[in-house]
Amino acid sequence: MIITDSEEKISELCARWRSEGLSVGFVPTMGAFHKGHLSLVEIAVASSDRVVVSIFVNPSQFGPGEDLEKYPRTIESDCKFVEELGASAVFTPRADVVYPPGFSTSVSVAGITEGLCGAARPGHFNGVTTVCAVLFGIVKPDLAVFGMKDAQQLAVVKRMVSDLRMGIEIVAAPIIREADGLAMSSRNQYLSREERNQASLISTGMMKAENLFHMGERNSEILRKEFVNTLKDAPLLRVQYIETVNPETMLGVEEIDDRVLLAVSVFAGKTRLIDNILIESEV
Ligand code: AMP
């Protein structure tokens with residue numbers, strides 16, 4: 001497996017693979033791998049001939065006062081994990097490679113980015129779409145895998161790729177959870193023991209809301225209340241948002257037809273955790 005921080009090297013490598021008729025799969029990440037990231041790499045390896053994983057803690061998607069400096073960085077062990085899974089290359093660019101002097105472009109997707117994390121983290125999605133556009137331009141993958149854990153990010157990237165005719169298949173990977181239901185996240189390691197215990201209520205609350213739906217409830221407000229109610233005895237948790245939205249457009253849904261995305265952001269102490277569940281009628 002090749003590990004490089006050189007844009008020239010990775011783009012030459014990918015160009016060579018394409019010229020040999022090999023398909024290229026891509027998994028963009030910020031590193032500090034857990035089983036969620038690794039599941040994306042497994043999907044990419046199963047569906048393409050060569051897989052490139054990028055590790056880049058992208059400054060432009062962090063807001064002032066967020067955790068850019070303290071974000072965990074574990075590049076050596078990350079590389080070992082993905083090599084074992086069959087990745088062909090890891091691209092670890094420096095910020096001045098991704099954003100060289102004179103870089104002046106910002107990719108901005110309207111609409112889908114306005115609510116949820118877009119409202120909670122102004123500028124975040126411009127950072128995400130811009131870095132994805134740059135990385136897609138370097139790697140020129142046939143497909144790229146994104147986790148449903150970041151459901152709004154997935155919808156935004158799909159929209160960008162479709163609107164800009166980038167010709168990349170975007171593959172959605174299911175959310176990988178800890179045994180007690182907490183969605184895996186590089187940020188879970190910030191949690192104190194007590195915060196970690198209480199954080200399991202996030203998935204419990206979402207599942208309770210889903211149960212209500214399966215019992216026939218179609219009013220979103222009642223599902224949202226069920227979630228909030230589940231967290232009421234957890235003093236270290238604070239709900240930042242709880243929304244019921246269409247999973248493609250991210251627009252709010254009040255009376256549910258047959259599917260809705262319940263998306264939440266909850267602070268456990270100072271750590272912001274996001275999670276979601278796609279609630280659907282059984283066929
Ligand atoms: P990050 O390194 O946090 O930017 O995440 C890189 C990719 O991994 C994104 O596509 C995330 O949606 C995905 N991801 C993160 N956590 C999980 C998880 N628990 N299950 C599935 N995918 C995940």
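When DSSP assigns beta bridges and you keep just the ones with both residues in the chain, what percent turn out antiparallel, to the nearest 5? Present the calculation step by step, with values, prior to reporting the outcome.
Numbers: 21 of 40 bridges.
Bridges in the chain are about 50 percent antiparallel.
Listed by chain and number, the aspartates and glutamates placed with their C-alpha closer than 19 angstrom to that of LYS9 are GLU20, ASP49, GLU83, ASP96, ASP142; residues fewer than eight positions away on the same chain are left out. Segment 97-122 and segment 168-226 have their alpha-carbon centroids 26 Å apart.
Taking 7 Å steps out from each Cα toward its Cβ at PHE103 and ALA120 produces label points 2.6 nm apart.
Measuring between their Cα centroids, segment 12-59 and segment 134-162 lie 12 Å from each other. Identify all lysines with a Cα-Cα distance to LYS270 below 22 Å; exclude those on the same chain that are fewer than 8 residues away in sequence. Within reach: LYS70, LYS149, LYS232.
Throughout, read-outs are computed from the coordinates displayed, never taken from laboratory work. Note that this is a predicted model, so its numbers are computed, not measured. Positions of Cβ are generated from backbone atoms using ideal geometry, with glycine treated the same way; all protein chains shown enter the neighbour counts.
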